[in-house]
């Protein structure tokens, strides 16, 4: 019989990123360590009126920003970029200095996954990117040639697949560029494909104390995909917001 525990408040955590920064992310079986950071309501909804940000609490928004300091690249689907009005990755000054002291770029680049390349190239996601952290666009060989050429004028383009973006190939390409820790921030379709491919090593899941959002889960599983099991590694709480961290199950799925 499994052992059930009542969780009680422990010592206060002054730096919310500290428990995440202690994790060894060099041990994954894949070409890079893939983590996801998502927020969902009590009913499992991943958005309110089409926007994930509406679910976020103050403490979640703070951790969301800080979590990027752990990544070599921040990966997000094109629909999420459009809906959330994504800009280039920004970090607090002290986090930038800590990364630079470790010999890393001050901020990780944003990488946008898109098959159609239907993007606004004048959006902040591209125009605000610093020279050392130029935005990446991950697409496939079947992309429209004209749009592909336009993308190359604004971003660094990665081809990962023939008629669709292949998650495994995308991670391999990112690893070849030196990106060992990949942070996925959505959307649900892309995250579902990453999980189905057996690539997700770590899930950081914020449970927002809200109900009544859109009927959209944090991850959409492709048809026929196997179940993926994860092990709970830590639980943090700030008032009514829960922060859960899971890692890939011992059986690798």
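The values are calculated or read from the model by the stated rules, or taken from the named source; none is laboratory data. Because the structure is a prediction, the values reported are computed rather than measured. Every residue, glycine among them, receives a Cβ derived from its backbone with ideal geometry; neighbour counts consider all protein chains shown.
Here are some notes:
- Subset of the stretch 212-243 (residues that are buried (at least 16 other Cβ atoms within 10 Å of the Cβ) and either in a strand (DSSP E or B) or over 16 Å from the mean Cα position of the chain (by Cα) (or both)): 213, 214, 216, 221, 228, 230, 236, 238, 241, 242, 243
- From the options 40, 30, residue that is in a loop (DSSP other than H, G, I, E, B) and farther than 23 Å from residue 95 by Cα: 30
- Total residues in the stretch 244-253 satisfying the condition of being in contact (Cβ under 8 Å) with a residue 40 or more places away in the chain and assigned to a loop (DSSP other than H, G, I, E, B): the figure is 2.
- Boolean, residue 206 is touching a helix residue (DSSP H, G or I) at 6+ places or on another chain (Cβ under 9 Å) and under 29 Å from residue 7 (Cβ atoms): yes
- Checking residue 53 against (1) surrounded by fewer than 21 Cβ atoms within 10 Å (Cβ to Cβ); (2) in contact with a helix residue (DSSP H, G or I) (Cβ under 7 Å, 6 or more places away or on another chain); (3) assigned to a loop (DSSP other than H, G, I, E, B), the condition it does not meet: (3)
- If you check 169, 174 for being in contact (Cβ under 8 Å) with a residue 24 or more places away in the chain, within 30 Å of residue 29 (Cα to Cα) and out of contact with any helix residue (DSSP H, G or I) (no Cβ under 9 Å at 6 or more places or on another chain), only one passes: 174.
- Taken over the stretch 60-107, the residue count meeting the criterion of being buried (at least 21 other Cβ atoms within 10 Å of the Cβ), over 12 Å from the mean Cα position of the chain (by Cα) and in contact (Cβ under 8 Å) with a residue 60 or more places away in the chain is 2.
- Search result, residues across the stretch 199-211 that are part of a loop (DSSP other than H, G, I, E, B) and either modelled with pLDDT under 95 or closer than 14 Å to residue 38 by Cβ (or both): 200
- Residue that is surrounded by the most Cβ atoms within 10 Å (Cβ to Cβ), among those in the stretch 128-141 that are more than 14 Å from residue 166 (Cα to Cα) and modelled with pLDDT of 95 or more: 135
- Residues in the stretch 26-41 that are over 23 Å from residue 53 (Cα atoms) and either buried (at least 22 other Cβ atoms within 10 Å of the Cβ) or within 15 Å of the chain's Cα centre (by Cα) (or both): 32, 33.
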